[in-house]
1. First check a/c for the range 5-65, with a ≥ b ≥ c the square roots of the eigenvalues of its C-alpha gyration tensor; if it is under 1.5, answer rounded, and if not, answer prolate when a/b is larger than b/c or oblate otherwise.
2. Along the positive direction of the dipole of the chain (beta-carbon charges: Lys, Arg +1; Asp, Glu -1; about the Cα centre), which of 13, 52, 31 reaches farthest?
3. With springs only between Cα atoms under 10 Å, which of 49, 27, 15 fluctuates most in a Gaussian network model of the chain?
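Just so it is clear, none of the values below were taken in a lab; they were calculated from the coordinates. Fair warning: this is a prediction, and the values are worked out from it, not measured in the lab. Methodologically, a virtual Cβ is constructed for each residue, glycine included, from the backbone with ideal geometry; neighbour enumeration extends over all protein chains shown.
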Amino acid sequence: MNDKIICYCLNVSESTIVQAIKNGDNSLKDIQKSTKACTGNRCKELNPSGKCCSEDIMKILQRETGVKSESTCCCCH
Ligand code: FES
């Protein structure tokens with residue numbers, strides 16, 4: 001599988017997030033808790049997209065669960 005880094009602050013890959021969803025995570029909060037993805041605060045510096053990874057995580061969540069959950073950015077608070 002072509003794995004890629006989703007959260008650059010915490011170095012969490014797509015497969016880790018997909019696995020967490022398979023294990024029952026169904027919200028950004030769950031994923032933050034179980035993978036630590038999206039709990040960093042250096043996104044602008046570390047993420048090549050220049051923003052927080054929460055949007056990418058939400059996309060994966062939606063793709064895997066088919067449910068659109070509301071998006072809250074974790075680190076731009
Ligand atoms: S890129 Fe994920 S918390 Fe910064």
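1. On the way: a/c = 2.08, a/b = 1.76, b/c = 1.18.
Here the range 5-65 falls in the prolate category.
2. Final value for the positive-end residue is 52.
3. Looking only at 49, 27, 15, the largest GNM fluctuation is found for 49.
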